[in-house]
């Protein structure tokens, strides 16, 4: 069933970002620890969380809901912007392409996870878990790529420690995106009912089927 989305789409951007930031502060022990710069990982956890969650939100908004042909360009502009900001703020011995290449790799993997996993109707009941596991792996691989490009050695247990922490972020983002999707679908279905009134004898099962079909 075709629907035109309205102002409710703002939650697709806001909820994944807000849930991930609040969750990040909780698991790190507060804003001070969450935003503290770590020279060994080049960023604070705040930088990683807001960059990752906002990228997921943009991909979901432009590629799934709006299906905008300029979505790829907007995502590319976002990647370049993040790379330039990181280079200006943290540059030193790290070049711009060191940021851009891992971000580009992460974007490709995230795009596939959003389109092929999260919004796949057959996976709707397990999508948050599957998406979270996949996104954490995408983040870990991208971060490892950054270390390889910089010829930086990794500490023992890199894969497990980073994957575990990235998994928190991925679950927070997945939860926020799931909640946002529920709000958007409900609002769209309500709008549909206002223009296509149902017959009195139609039961609730039909409503659930229509909502699932929108995904």
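Taken together, the values in this text are just the output of simple stated rules run on the coordinates, not laboratory data. Fair warning: this is a prediction, and the values are worked out from it, not measured in the lab. Cβ sites come from the backbone with ideal geometry, for glycine too, and all protein chains shown count toward neighbours.
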- Task: With an 8 Å cut-off on Cα pairs and a minimum separation of 6 or more residues, tell me the relative contact order of region 7-214 in percent.
- Result: 27 percent
- Query: Taking other Cβ within 10 Å of each residue's Cβ, how do 115, 17 sort, fewest first?
  - Reply: 115, 17
- Note on the structure: The helix 204-214 Cα axis meets the longest alpha-carbon principal axis of the chain at an angle in degrees, between 0 and 90 and rounded to 10, of 40 degrees
- Note on the structure: Per 5 angstrom bin, beginning at 0 and ending with the bin that holds the maximum distance, the Cα pairs of region 7-214 fall in percents of 1, 7, 14, 18, 18, 15, 10, 6, 4, 3, 2, 1, 0, 0
- Task: For a footprinting-style exposure proxy, rank 19, 82, 10 by other Cβ within 10 Å, fewest first.
- Result: 10, 82, 19
- Taking neighbour counts of Cβ atoms within 10 Å as a proxy for exposure, in what order, fewest first, do 164, 107 appear? 164, 107
- Message: Nearest 500 deg cm²/dmol is fine: what mean residue ellipticity at 222 nm does the chain get from its DSSP H runs of n ≥ 4 alone, each adding -39,500 (n - 2.57), divided by its residue count?
- Response: -23500 deg cm²/dmol
- Using only Cα atoms, find the angle between the long axis of helix 96-113 and the longest principal axis of the chain, and express it within 0 to 90 degrees, rounded to the nearest 10. 30 degrees
- Return the whole-Å distance between the Cα centroid of region 127-201 and the Cα centroid of region 71-108. 20 Å
